[in-house]
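Reviewing the structure listed below.
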Amino acid sequence: MSGALYCGVDIGASAAKLVLIDESSAVLARVVESSGVDYAGIAQSCLERALGQLGRHADEIVWCVATGYGRNNVEFAKSRATEILCHGKACHHLVPGAITVVDIGGQDNKIIRLDEQGRQLEFKMNRKCAAGTGAFLEEIALRLRVPLEQLDALAQSSTQPVRLGSFCTVFAKTEILSHLRQGVALPDVIAGAFESVASRVLEMDALPGQVVVTGGVVAHNPVLEKLLSRTLGRSVIVPPYPQFTGALGAALCALESSRKTL
Amino acid sequence: MQSLIPDYYKELGEAARSGCRKVAWCSSVGPVELLRSLGFAVYFPENHGAMLGASRRAADFISAASALGLSPDICSYMTSDIGAFVQGKTALTSAYGLASVPRPDVLVYNTNQCRDVQDWFSFYSRHFEAPLLGIESPRGMVDVTSAHLRALGQQYQNLASQLEPIAGQSLDIDRLREVVASSLRCTTLWQEALRRGALRPSPLSFLDATVHMGPAVMLRGDPRAERYYEQLLQELDRRAQGGKGAIADERIRLYWEGMPVWGKQAELTEVLAAQGACVVASTYCHSFVFEGLSHPDPFEGMALAYSELFIARAEAYKERYLRTMAQEYGVDAIVFHDARTCPNNSNNRYGLPQRLRAQLGLPFVVIQGDLNDLRLFSEEQARTQLEALLEQVEAGRP
C-alpha cells in the first residue's frame, strides 16, 4: 500500500481516537483506546497501532491535526483544532447540507449549527455540569452496579421508563434509589436515565434542520438514537462510527491544511 | 504614577490607624464625591474583592463565609471578602502593607448594581457597630426620567445631612462642586483612554484596561487620578502612533460583556493573543465612565451618573448599548461571561446574545464562570469555546 496519509487524533476526556485517511478522504484505519492519564503516550500508542494495521510508517503521514482536550499533548501533531470545528467538518463530510450536530461526549456536549456549505454558524457547549453527558451514565451504572456495556440492552428491554426530575447527577442517583425502593424494574430505571440524557441534550438549544448525533455515548448506546428521535419528533442521523467523528474531522482538516500549503 | 494606588492605601491605613481622618466604606459606583467632599478617606470593598479574586485564593475564603450562612451562590466578591475577614486575612497586607482592612466610621452603599452590596456592608456595620447609610436606586430602567432624578437627588441630599455629624463638618457645596468636577475630568480622560481601543490595532486590551481602571474606581474626585489618565493617554497615543498594539499581530477584535474572571485574566488574554485576538472593549471597564456628572446640579449629577449605569438598565437599553459599542469598536465577535454569582452582570440570560447576533450578524460565545470563585470555572471548556469562536471568525472571512 502506498500514497500519502493524513492523520486526525482526538484525545477526549474518556477515549483517545485516531483516524488515518488518504488523499480521497477515504478512511484507512481507526483506533480507539481509553485516554488514561498519559495523553502524549496514548496518542503515540494509537498512532503505532493504526500504522501497524496498514503496515505503514509515520514518515508517510503528510499532516496530522490533533483535537480534543488533550490536543496540546499530541507531540507528533503538526497543527491543532477544536473538537467543535472537527465534529462540524466530519459531519458535513458525511451528511452534506445544512445540519445541526449534537455531540454527546464523556464529559461535555456540543451543539454545532452548520450552513449548506458546512460553515459553522454557531455552537454551544453544556454548562459546567455532568447532566446529559456520558459521565452521568457512568455514575448511574456505577451506583446500580451494572456494567456500562449492559446499559443499552437493559434500556432497550424497558416497557415503562421512569421519569427522572433531577438535573443534578447526585440528586438523580438518589431519585433512582427511591424508584428502586418502590419496586420499579431496573430496565425502566435505566431507560429513565437515558431519557434524562436525551432531555438535557435537547434543551441545550433549538435544533433546526437535520440533526446529526455523534460521540462515544451514542456509539455505545444505540437506544439514545431512538430516544432523541422520539423526543425531537423527527429522525436523527447517527453517522457510521460516531465515536470517530472528531478524529475524522481532524484528519479532514489535515488534508485541507496540506493542500493549502501546496 | 506607579505609586498612586500604594499611596492611596497608605493614606487610608494611616487614617484608620491615627484617626486623623474619618474612614468611609463606599460601593464602587456610589456617592464617593459626597464622601470625599466631607473629608472622609474612602475605602472600596469591591476593589478588595477583586484583589482576592486575582489572588486565586477566593475559594478558601468563600468556604469560610459559607460556614457563616452566606450562600456560595451570592456575590463572590462579598463572600470572599467576608470569608477573608473572619479568617483575619486581607489582600492588602501583601500588596500594600496594611495589617487589616481599615476600620469604618460609616458604610455607604448604593443598590444601583445589586442588593448584595447592601447585605455585604450590613455585615460590617454589625461587626464594627458603625452606621450603615445608603442610596436605594431603582433598577431595570429603560430611561432615567426627571422623576427618577428628583427622587434620587433628594436621597443624596438626605444622605449628606446624615453624613455631616459623622464627618464632624458641614457640607461645603463649593467643595462638592470641585470634587464632582474633578471626578468628571477623571471620567472623561478614562473614557478617552478606553476609546483608543477603537484604533487598529488597539493599543490596550481588556487586561490592560482592568489594571488601569483602578484610579477611576478608587480615586475619582482626587486630582491625582486626572494626572494618571493624562499620562496614560500620552502613552497610549505614543503606542498608537508607533502602530503598536496591545498584542502582536491583532487579527480578531472581541468585545467582553460581563465581569472579568479575575483569577484567569492573564491566561484568557494569552489564549486569545495566541490566536491573534484582542478584547478591545468591554462593558465592565466602560461602566466606570460617568458622563452624568456634567449635570449643573451636583446632587442630581451624582443621581444621574450613578443611576444611568448599564447594570441598572432594562434589557432594551442594554441591547442598544451593546449594538452601538460593537459597531463603534469594530468587533468581530462578542464574549459573554455568565458569572454564576453575579446575575446582574451576566447579560446572556434573557436571549440578548441571540438578538444581537440576529441584528449584527456577529458570532458570540457564552463562557460559564465567575468573577472570583474559580470552582465555577472550567479553564479547558473556556479555552475550547474561545478557540472555537476564533476558528469561526477566521473561517467566515473571505
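Values quoted throughout were computed directly from the atomic coordinates according to the rules given, and no laboratory measurement underlies them. Quick caveat, the model's predicted, so the values are computed rather than measured. Reconstructed Cβ throughout: ideal geometry from the backbone, glycine too, with neighbour counts over all protein chains shown.
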Practice prompt. Specify the inter-centroid distance of segment B:347-387 and segment A:169-241, based on alpha-carbon positions, in whole Å.
Written response: 26 Å
Worksheet, complete the sentence: Per the C-alpha gyration tensor (a ≥ b ≥ c, the square roots of its eigenvalues), segment B:187-274 is rounded if a/c is under 1.5, else prolate if a/b beats b/c, else oblate; here it's oblate
Worksheet item: Cβ under 15 Å from residue A:60's Cβ, residue A:60 left aside: what net charge do those residues give with Lys, Arg +1 and Asp, Glu -1?
Response: -2
Worksheet entry | Entries in A:110/B:264; A:110/A:260; A:89/A:128; B:10/B:244; A:78/A:124; A:173/B:89 that, when Cα-Cα distance is taken, lie over 31 Å | B:10/B:244; A:173/B:89
Discussion item. Tell me whether segment B:4-172 comes out rounded, prolate or oblate; compute the Cα gyration tensor, take square roots of the eigenvalues as a ≥ b ≥ c, and use a/c under 1.5 as the rounded threshold.
Written reply: oblate
Worksheet entry | Mean separation of Cα contacts under 8 Å, 6 or more apart, over the residue count of segment B:4-172: relative contact order % | 22 percent
Worksheet item: What whole number of Å gives the distance from the Cα centroid of segment A:80-149 to the Cα centroid of segment B:208-228?
Response: 45 Å
Worksheet item: Hey, what do the phi angles of segment A:178-185 turn into as Karplus ³J(HN,Hα) couplings, whole Hz, using 6.51/-1.76/1.60 and θ = phi - 60°, x for Gly and Pro?
Response: 5, 4, 5, 4, 7, x, 5, 5
Fill in: Local electrostatic count, residue A:202, Cβ distance below 11 Å [Lys/Arg +1, Asp/Glu -1]
-1
Response to the item:
Using alpha carbon centers only, segment B:82-130 is separated from segment A:1-65 by a whole-angstrom value of 57 Å
Worksheet item: By its C-alpha gyration tensor, with a ≥ b ≥ c as the square roots of the eigenvalues, how is the protein assembly as shown shaped: rounded for a/c under 1.5, else prolate for a/b larger than b/c, else oblate?
Response: prolate
Worksheet item: Charges only on Cβ, +1 for Lys and Arg, -1 for Asp and Glu: so what's the dipole of chain A about the Cα centre, in debye to the nearest 20?
Response: 460 debye
Practice prompt. Restricting to chain A, compute how many DSSP beta bridges are antiparallel as a %, nearest 5.
Written response: 65 percent
Worksheet entry | Net +/- balance of residues flanking residue A:157 in space, Cβ distance below 14 Å, scoring K and R +1, D and E -1 | -1
Worksheet entry | Furthest towards positive pole of dipole, B:304, A:20, B:219, structure part the protein assembly as shown, Cβ charges | A:20
